[in-house]
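Reviewing the structure listed below.
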Amino acid sequence: MTRTDASEAEAVVYDLDGTLVRLVVNWTDVERRLADLLEREGVDTDPLSAWDLLSAAEAAGVGDEADDLIATAERDGAEVSERLPLADELAEREIPVGVCSLNHEEAVRVALDRHDLSAHVESVVGRGTVPERKPHPRALLAAIEELGVEPEDVLFVGDSASDEETADRAGTQFEWV
C-alpha cells in the first residue's frame, strides 16, 4: 500500500479514549462484573480481559447483557471524562474529522458533547454502530465513508497497537498520539 505524507491527508479520524479524552472507567470492576455474568453461564473466565470477556459472552448467548454492562460504565465514564490536549486540534482542522472508537457510540457522543467537541466532528462510529469491533477495519471504513473520502487519503490517530492494526487493515495512514 502506498501512503502519502500525513500532511496531505484529506480527512482525519481519531480514536476516542486515550486520544481525545480519557474515560473514567473502573475496568477492573467491569471485568469482575462480566466474569460474574459469564460464570453464571458456566464459562471459565480466567484470564480474560474485558474485550475477551465480551466475545466470550457473545459466544455464550449473553452478549447483549455484557455489552450493556460495558456501555453503561463507558457512558458514566464519559460524563466525567478528562479532555486530553489533542482534542484542541479538532477545532483547528480545516478538513473533515471523524471519531472511530471501540467504546460504545453513545459513550463517544456523551464525551464529545461533554467537552464541546461534537460540532467539530462529522462522523462518529463506536461499538454498536457496525457489527464488527476494532481492529476489524469495518468501523474505521464506516467513519471514512461518512466523511466522503478514500481510505488512503485518511490519517487515523490513535493510542494503541490495535488502532495501528485497524489503520493498516483499512488502508489508512496512522499516527500515534
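List of remarks:
- Note on segment 46-69: residues that are part of a loop (DSSP other than H, G, I, E, B), exposed (fewer than 15 other Cβ atoms within 10 Å of the Cβ) and either at pLDDT 90 or above or in contact with a Gly (Cβ under 9 Å, 6 or more places away or on another chain) (or both) amount to 1.
- For Gly98, the conditions (1) part of a loop (DSSP other than H, G, I, E, B); (2) touching a residue at least 60 places away in the same chain (Cβ under 8 Å); (3) within 20 Å of Pro135 (Cβ to Cβ) are fulfilled apart from (1).
- Residue within segment 75-82 that is over 27 Å from Leu112 (Cα atoms) and not assigned by TED's automatic domain parsing to the domain that holds Glu122 present: no
This table checks each residue for (1) in contact with a Lys or Arg (Cβ under 8 Å, 6 or more places away or on another chain); (2) of a type in the set (Lys, Arg); (3) crowded, with 23+ Cβ neighbours inside 10 Å.
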position	(1), (2), (3)
His120	yes, no, no
Arg138	no, yes, no
Glu150	no, no, no
Val154	no, no, yes
Asp168	no, no, no
Thr172	no, no, yes
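- Residue list for segment 1-45, filter: at pLDDT below 90, outside any loop (DSSP other than H, G, I, E, B) and of a type outside the set (D, E, K, R): Ala6, Ser7
- Residue that is outside the structural domain of Leu53 (by TED's automatic domain parsing) and over 20 Å from Glu8 (Cα atoms), where the choices are Val154, Val99, Val125: Val125
- Selection within segment 78-88 - assigned to a helix (DSSP H, G or I), touching a helix residue (DSSP H, G or I) at 6+ places or on another chain (Cβ under 7 Å) and buried (at least 18 other Cβ atoms within 10 Å of the Cβ): Ala78
- Residue among Ala111, Ala91 that is of a type in the set (Gly, Ala, Ser) and in contact with a His (Cβ under 6 Å, 6 or more places away or on another chain): Ala91
- Residue in segment 103-120 that is within 12 Å of the chain's Cα centre (by Cα), assigned to a loop (DSSP other than H, G, I, E, B) and outside the structural domain of Glu58 (by TED's automatic domain parsing) present: no
- For Ala91: the one exception among (1) buried (at least 16 other Cβ atoms within 10 Å of the Cβ); (2) farther than 27 Å from Asp168 by Cβ; (3) in the same structural domain as Asp15 (by TED's automatic domain parsing); (4) not basic (Lys, Arg): (1)
The values are calculated or read from the model by the stated rules, or taken from the named source; none is laboratory data. Treat the numbers as computed from the prediction; the structure is a model and nothing was measured. Because the Cβ atoms are built from the backbone with ideal geometry, glycine has one as well, and the counts that use them run over all protein chains shown.
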